[in-house]
Amino acid sequence: MLLRTPFYNKIVAAGGKMVEFTGYELPVQFEGSGIIAEHNAVRQKAGLFDVSHMGEIYLSGKDALATIQNLVTNDMSTLKDGGVRYTLLPNEQGGVVDDILIYRFNPEKYLIVVNAANMQKDADWIEARLIGDTKFENASKATAQLALQGPAAIEIVKEFIAEADIPAKNYTFKTTTLEGEPIILSRTGYTGEDGFELYCANAFAERMFDIVVEHGKKHGMLLAGLGARDTLRMEAAMPLYGHEMNDQTLCHELGLDFAIKMGKENFIGKKALEANPPKFKRLGIKMVDRGIAREHFKVFDESGREIGHVTSGTHSPTLNHAVAMIRVEKDFNAPNVWIEVRNRKLKAEIVPLPFYKRNK
């Protein structure tokens, strides 16, 4: 039996074409629009995503920060109240349990947002590693979440939230109310655009959905599904758990060094990372020959030697050519690679990440 988010009935009524994703029934796209239109809406105006399948875990107490510092690669001691920070959750071998966001309410209260596919695994991992006075609460099933993304997102939010209650900077959040109901409004995103996440209790979910849709329509907002979410995150070169990283992928082989603070006193997996220099790296490619580089396709250098594989690939609607992220040997350094597609080797060019950068 597949799980359903609190927005399921609203999504189906709006023409969502439902598919299975991480145990949930979620829309891949919507009738009357489709993946390309939804993608373009986010790049040009705004798109609204049901992301209630994501997990929310609260840690509180005098030792909550100590617990978090031990659990993650990034340094949370410098995170201020109302701040959000991206980090990796490593295992003892230096592999990735998950990539997560941490929200700080105050020195003794934090919210950890985890990937849907890893929700139970992460909850079990974190709960088994609490330090001292740290209280654990898995609020995932009681929490609804919408993601509003695109250049018009700020104008839409201003329609129903007072400006003083809107987070002013990227990677910050505020707690406020909507029609008297408590919500969390954060400003992060997974598409390369400006955007917001709205968290509320399940009982208020449908009403919150209606409010955002009502005000969003005036600004050209479309409901968007998993298809557009993937093409958007690819253009922004956002790594996806299960594709760019997993339990065996070492944290320092992902090009996410900004989220790894080896100068921190200690964290799970630090010793393993120190003992094992990276052997692979993440790069971006643009296809030169016609074709799409898909996940698991082999990557070769000019001599024909296999040097890695594709982790994610698609056709970029914004750039109008095929792009992919590849995992290749750390020492590889050349302008081109060849991707094996249906027994043919197609030429690709190494390009900087992200593939797409919004004009701020």
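Can you give the extra length, in nm with one decimal, that the chain gains between GLU108 and THR177 once fully stretched, where that is 0.36 nm per residue apart less the Cα-Cα distance?
Working: separation 69, 0.36 × 69 = 24.84 nm, distance 2.21 nm.
Contour length minus Cα-Cα distance gives 22.6 nm.
Taking the Cα centroid of segment 30-79 and of segment 230-301, what is the distance between the two, rounded to the nearest whole Å?
Taking the Cα centre of segment 230-301 as reference, the centre of segment 30-79 is 19 Å away.
Using the Karplus curve 6.51 cos²θ - 1.76 cosθ + 1.60 with θ = phi - 60°, what ³J(HN,Hα) values do you get for each residue of segment 21-32, in whole Hz, with x for Gly and Pro?
Each residue's phi maps through the Karplus curve to give 8, 6, x, 10, 8, 9, x, 7, 6, 10, 4, x Hz.
Contour minus end-to-end for ALA275 and GLU214, with contour as 0.36 nm per residue of separation and end-to-end as the Cα-Cα distance?
On the way: separation 61, 0.36 × 61 = 21.96 nm, distance 5.45 nm.
My answer for the length gained is 16.5 nm.
Rounded to the nearest 0.05, what FRET efficiency do ARG290 and ALA142 have when you use their Cβ-Cβ distance and R0 = 45 Å?
Details: r = 49 Å, r/R0 = 1.08.
Computed FRET efficiency for ARG290 and ALA142: 0.40.
Listed here are the pairs LYS17/LYS121; LYS169/LYS261; LYS218/LYS286; which of them are more than 26 Å apart at the Cα?
LYS17/LYS121; LYS218/LYS286
Report, by chain and number, residues whose modeled amide H sits under 5 Å from the one on ALA322, excluding near sequence neighbours (fewer than 5 apart, same chain).
MET287, SER316
In what sequence do GLU244, GLU155, GLU274 fall when counting other Cβ within 10 Å, fewest first?
Details: GLU244 23, GLU155 16, GLU274 11.
Least crowded to most crowded, the residues run GLU274, GLU155, GLU244.
So for SER77, SER186, fewest C-beta neighbours within 10 Å to most, what's the order?
Details: SER77 12, SER186 25.
So the ranking, lowest neighbour count to highest, is SER77, SER186.
For segment 321-333, take each phi angle, set θ = phi - 60°, evaluate the Karplus expression 6.51 cos²θ - 1.76 cosθ + 1.60, and give the result in whole Hz per residue in order, putting x for glycine and proline.
Using θ = phi - 60°, the values come out as 8, 7, 10, 7, 9, 10, 10, 10, 4, 4, 7, 5, 8 Hz.
Among all helices in the chain defined by DSSP H, which have a length of 30 Å or more along the axis from Cα atoms plus a Kyte-Doolittle mean of at least -1.0? Present the calculation step by step, with values, prior to reporting the outcome.
Values: long enough: none.
Membrane-span-like by this rule: not one helix.
Short version: ³J(HN,Hα) in whole Hz for each residue of segment 309-320, in order, from phi by Karplus 6.51 cos²θ - 1.76 cosθ + 1.60 (θ = phi - 60°), x for Gly and Pro, what are they?
Couplings: 8, 7, 9, 8, x, 6, 8, 7, x, 6, 8, 6 Hz.
Name the long-range amide H neighbours of TYR171: under 5 Å, sequence gap of 5 or more, or other chain; modelled H, no Pro or chain starts.
For TYR171, whose amide H was placed from the backbone, the distant partners under 5 Å are ARG187, THR188.
Under a 5 Å amide H to amide H cut-off, with H placed in plane at 1.01 Å, what residues pair with LEU178 once short-range neighbours are removed?
Here ILE183 satisfy the definition.
Okay, helix-only estimate at 222 nm for the chain: each DSSP H run of n ≥ 4 adds -39500 (n - 2.57), divide by all residues, round to 500 deg cm²/dmol; what do you get?
Values: 8 runs with 70 residues, N = 360.
Theoretical 222 nm ellipticity from helices: -5500 deg cm²/dmol.
Which FRET efficiency, nearest 0.05, do GLN93 and GLN120 yield, Cβ-Cβ r, R0 22 Å? Can you show the working numbers first?
Numbers: r = 21 Å, r/R0 = 0.94.
Efficiency, from the Cβ-Cβ distance: 0.60.
Quick note: the coordinates plus some simple rules give every number you see, no bench work behind them. Keep in mind that what you see is a predicted model, and the values were worked out from it rather than measured. In this analysis, Cβ positions are derived from the backbone assuming ideal geometry, glycine residues included, and neighbour counts consider all displayed protein chains.
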